[in-house]
Amino acid sequence: MPCCIWVINKSFLHNPFLPDSFSAFVDVSKDEIRKYDIKCGDILLNRTSETIKQLACCSVASTDCCAVYGNYVKRLRPKKEGVVNPLYMAGYFSSAIYRREVERVSPVYTTRANMNVERLSVISIYYPNLEMQNKIGSTLFYVYQFQKRSQDKELNELLDEFIKMLIVL
C-alpha cells in the first residue's frame, strides 16, 4: 500500500543543510521508504549537472527526515558512526578542497557532467579529529542558521566566503 511522503530532488542541494520542509510529495511503498530514507548525517548530492561547478553539490541531513530522495540524487552514509561530524561535513562539502576533488575526478563533458560511484570512490575526504570537527561543525551550523534569518545580502556573501575558507589544508 503506497503512502505519501516528502521527496528531495536536486534543487534542494545548494545549501549546506537540508531544509526543514520540502515542497513535493511522492507515493512510495514501505520498502521504498526503508531503501531511500534519510537519516541524520546522510549526505545527499546531485549526480548530474550541466557544469562541473554545479556537479556533486551536497546537503547534509542535520536530523532524521521523513522523506526520500529522487533519482538525480545520491545518498552517502558513513559506514561507521562517530567518525565524522555531520555539521563539519556540511562545511567540508562547501569547501574549495572538496570542489577541487570533484573537478579532479570529473572529465569534461559536452552536454552533462555525471558523478558515478566509481568517481565518488576516488574522491579524497579530509577531516581532523572528532573534537576539532565538533568545534568547526557547530560554528558552521550557527553561521548558517544566522544566514537564514539575515536579510543583509552583503553580510551573507561574506559569511559564505568565511564558510568556504574555514576548512583548508
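The figures follow:
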{"quantity": "Dipole of the chain, positive direction: furthest Cα of ASN116, LEU55, LEU87, with charges on the beta-carbon", "calculated": "ASN116"}
{"quantity": "Potential lengthening between GLU154 and VAL83 on full extension [0.36 nm per residue; Cα-Cα distance subtracted]", "calculated": "22.0 nm"}
{"quantity": "Label of the coordinate-derived value, semi-axes √(5λ) of the Cα gyration tensor in Å, listed as [x] 38, 25, 14; [y] 31, 27, 14; [z] 25, 20, 17", "calculated": "[z]"}
{"quantity": "Gain on full stretching of the segment that runs from SER124 to LEU166 - 0.36 nm per residue minus C-alpha separation", "calculated": "13.3 nm"}
{"quantity": "Percent RCO, i.e. relative contact order, over region 3-166, from Cα pairs under 8 Å lying at least 6 residues apart", "calculated": "23 percent"}
{"quantity": "Candidates per chymotrypsin sites (Phe, Trp or Tyr not before Pro) in region 111-164, loop by DSSP, up to 16 other Cβ within 10 Å", "calculated": "TYR126"}
{"quantity": "Sites matching chymotrypsin sites (Phe, Trp or Tyr not before Pro) across region 73-113 that sit in DSSP coil, with at most 14 neighbouring C-beta atoms within 10 Å", "calculated": "TYR109"}
{"quantity": "Label-point gap, in nm, between ASP27 and CYS40 - each point 7 angstrom along Cα→Cβ", "calculated": "3.4 nm"}
{"quantity": "Share, in percent, of DSSP beta bridges within the chain that are antiparallel, nearest 5", "calculated": "80 percent"}
{"quantity": "Per-pair calculated FRET efficiency, R0 = 22 Å: ARG100 and THR139 via Cβ, rounded to 0.05", "calculated": "0.45"}
{"quantity": "Helical mean residue ellipticity (222 nm; -39500 (n - 2.57) per DSSP H run of 4+; nearest 500) of the chain", "calculated": "-11000 deg cm²/dmol"}
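Bear in mind that the values in this text are calculations on the coordinates, not laboratory data. Since we're looking at a predicted model, the values are computed, not measured. No Cβ is skipped: glycine too gets one built from the backbone with ideal geometry, and neighbour counts run over all protein chains shown.
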